[in-house]
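Quick notes on the structure that follows.
The values are calculated or read from the model by the stated rules, or taken from the named source; none is laboratory data. If you're wondering where the values come from, they're calculated on a predicted model, not measured in any experiment. Note that each Cβ is placed from the backbone with ideal geometry, even for glycine, and that neighbours are counted across all protein chains shown.
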Amino acid sequence: MMLPNRWRYLLTTLVVLSCCLFVLLSAPFNPLKPSIIALLPPLLALTCAFLLRQVTLALAMSLWFGAWVMGGASGQAIVQGFVDVPVKYLVLALSETDHILLILVTVFIGGMMSVIYQNGGMSGLVYRISRWANTPKRAQLSAATMGLVIFFDDYANTLLTGNTMRPLMDKLKVSREKLAYIVDSTAAPIASLAVVSLWVGFQVGLIDSATAAIEGLPSPFVLFLYSLGYSFYPILAVVFVFLIASSGRDFGPMLKAERRARQASSTSVTVTSEGPAQASADNAWVPIAGMVLTMILGLYISGEGNTLIDILGSADPFRALLVAAFFGSALAILLSVLRRLMSLDDAIASWISGAASITGALIILILSWSLAVLIEEMNTVGYIIPLLSDTLSAPWIPAIVFIIAAVIALGTGSSWGTMAILMPIVIPLTWAVISDTPDTNVSERMPIFYSAISAVLAGSVWGDHCSPISDTTVLSSMACQCDHLEHVRTQLPYALLVAAIALVCGTLPVAWGLPWWLGLTACVITLLVFFRLLSKPH
């Protein structure tokens, strides 16, 4: 049962006051020697977000709290913290070129999708899809398949799949929470596993840097390929999406959301022999296809090297996506005017309306980036990592790495940032542990090494999924026009179940000697059993 507002406000106040009192009673905070205080801003953001059900305010409160701590936790720092939030942390967040590029990409795609809605393109596209996807199950499977097809980038995957499938899902009375879950769970997992994607260049680059001082290892790309079989959480996340979509069953908050969505009408759609008037799928797929092709071309032009992996690794993905989104917007407007579906003034007005509709989500995005700046300044990761570094036993390393990566990504909302922080630490640490183990051939311990690499990726993806301040979580809510905290609340039980099974049936037994393929098989079977026991039909 949801707490009344007055109780939620009271609990939030007590949480904030308790954190402040803890800081005042502790020794002065020093980022060079971080204490448990470094964990308080991200924990405060998460706690207040769930209590208040208001992410923007929660982020602002955690930013002020962190700024107060960094200012000395004095009376004067209370006021100075309010000044530092916009003047220092917001400015630093927006000073990052990639952040500005992502904001512009989101604005252009939002404008393009609005024009496509107004010119009938989305109606025509939905009509075509609905000729097969005329039931909730088929619609969900279509959304999941679309998530697989757009494998090259998680941002493009989220924005395109969510915006494209939302009208059909609404028509078939599938909850927007379910669509947001499908979108979110086929974005980062697919992009992180795809051999050709924006993620692979980033991950191979991190592995390359971390293994530079280690002799006798395969190439970074081969290490990445070896690690894919041990990436249990991303693989199971995708498997679970298709299981959910094809079953007509759910559990937890998602079951309630689905039942609410379907109370109003029947679960099927009657498709007439002709599509909607003035609606043509060409008005939608031409700008979208133009954007995708432009992005691929931009990646190729901006990258260097002789192989596809080298090109992707050196390409500039954000600029390529920005140019592609700009071209898609221009193409949507041009097509609408040339086909006399809209006047130029109406097309521009529609574009501006679509761009303005994502302002709220962008504010959350900017605040989450600002919190990441604060967390870096407080050296939060510098406190977490040493806690377990001296007590690790080789078979436990992958599971512990997964948990640490998950916690960091959950608090920071950044999977790439978490990977960039952990990979240079985890790889040398794991290699040192398996090399120093007496009476053991190092080659026999290589599965632990591969699993540790994949655990950084898997834990980062899990934390990114579950964090309400994650950019992909925010974009999923935005693209599906779903209440942000409802998306987080309904997705969390699914992500927790998949992560628990991945750890217990995959990561841990494989580290103790079970072949990875047997571990993956055990994970899938266990997932099927638990889902059947927990789920109920709509």
Only one of ILE100, ILE109 that is without any contact (Cβ under 8 Å) to a residue 12 or more places away in the chain and under 20 Å from the mean Cα position of the chain (by Cα) | ILE100
Listed by first then second residue, the pairs whose first member lies in the stretch 22-40 and is within 22 Å of VAL407 (Cα to Cα), whose partner is of a type in the set (Gly, Ala, Ser) and surrounded by 13 or more Cβ atoms within 10 Å (Cβ to Cβ), with beta carbons under 6 Å and at least 6 positions apart or on separate chains, are VAL23/ALA73; PRO34/GLY382
Specify which of the listed residues (LEU59, LEU51, LEU10) is part of a helix (DSSP H, G or I) and more than 21 Å from GLY360 (Cβ to Cβ).
-> LEU10
If SER280 satisfies every condition in (1) part of a loop (DSSP other than H, G, I, E, B); (2) within 30 Å of ALA409 (Cβ to Cβ) but one, which is the exception?
-> (2)
Take GLN76 and decide whether it is without any contact (Cβ under 8 Å) to a residue 24 or more places away in the chain, touching a helix residue (DSSP H, G or I) at 6+ places or on another chain (Cβ under 9 Å) and of a type outside the set (A, V, I, L, M, F, W, C).
-> no
Is it the case that some residue within the stretch 73-82 is within 21 Å of THR380 (Cβ to Cβ), over 26 Å from the mean Cα position of the chain (by Cα) and not in a helix (DSSP H, G or I)?
-> yes
Tally, over the stretch 485-502, of residues that are in contact with a helix residue (DSSP H, G or I) (Cβ under 6 Å, 6 or more places away or on another chain) and either under 14 Å from LEU255 (Cβ atoms) or among the aromatic types (Phe, Trp, Tyr) (or both) = 5
Selection count, the stretch 155-175, where residues are out of contact with any Leu (no Cβ under 8 Å at 6 or more places or on another chain), surrounded by 23 or more Cβ atoms within 10 Å (Cβ to Cβ) and touching a residue at least 40 places away in the same chain (Cβ under 8 Å) | 7
Inspect all residues belonging to the stretch 256-274 and state whether any of them is at pLDDT 80 or above and in a loop (DSSP other than H, G, I, E, B).
-> yes
Out of all the residues in the stretch 439-456, is one or more surrounded by fewer than 19 Cβ atoms within 10 Å (Cβ to Cβ), within 30 Å of MET122 (Cβ to Cβ) and modelled with pLDDT of 85 or more?
-> no
In the stretch 41-54, the residues that are under 17 Å from TYR383 (Cβ atoms) and either out of contact with any Gly (no Cβ under 8 Å at 6 or more places or on another chain) or among the acidic types (Asp, Glu) (or both) = LEU44
Only one of these conditions is not met by SER95: (1) at pLDDT 80 or above; (2) under 22 Å from SER470 (Cα atoms); (3) of a type outside the set (Val, Ile, Thr); (4) surrounded by 17 or more Cβ atoms within 10 Å (Cβ to Cβ). Which number is it?
-> (4)
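Condition test on GLY81, is it touching an Asp or Glu at 6+ places or on another chain (Cβ under 9 Å), more than 17 Å from ILE364 (Cβ to Cβ) and small (Gly, Ala, Ser)?
no
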Looking only at the stretch 312-332, decide whether some residue is surrounded by 19 or more Cβ atoms within 10 Å (Cβ to Cβ) and hydroxyl-bearing (Ser, Thr, Tyr).
-> yes
In the stretch 312-365, what count of residues is obtained for those that are at pLDDT below 80 and closer than 16 Å to TYR117 by Cα?
-> 2
Which residues, taken from the stretch 195-214, are part of a loop (DSSP other than H, G, I, E, B), farther than 24 Å from VAL292 by Cα and either at pLDDT 80 or above or touching a Phe, Trp or Tyr at 6+ places or on another chain (Cβ under 9 Å) (or both)?
-> THR211, ILE214
Selected residue [more than 30 Å from MET70 (Cβ to Cβ), in contact with a helix residue (DSSP H, G or I) (Cβ under 6 Å, 6 or more places away or on another chain) and of a type outside the set (Lys, Arg)] from LEU321, LEU374, LEU338, LEU367 = LEU321
Which numbered condition TYR127 fails, given (1) modelled with pLDDT of 85 or more; (2) under 30 Å from LYS171 (Cβ atoms); (3) surrounded by fewer than 23 Cβ atoms within 10 Å (Cβ to Cβ); (4) in contact with a Gly (Cβ under 7 Å, 6 or more places away or on another chain) = (1)
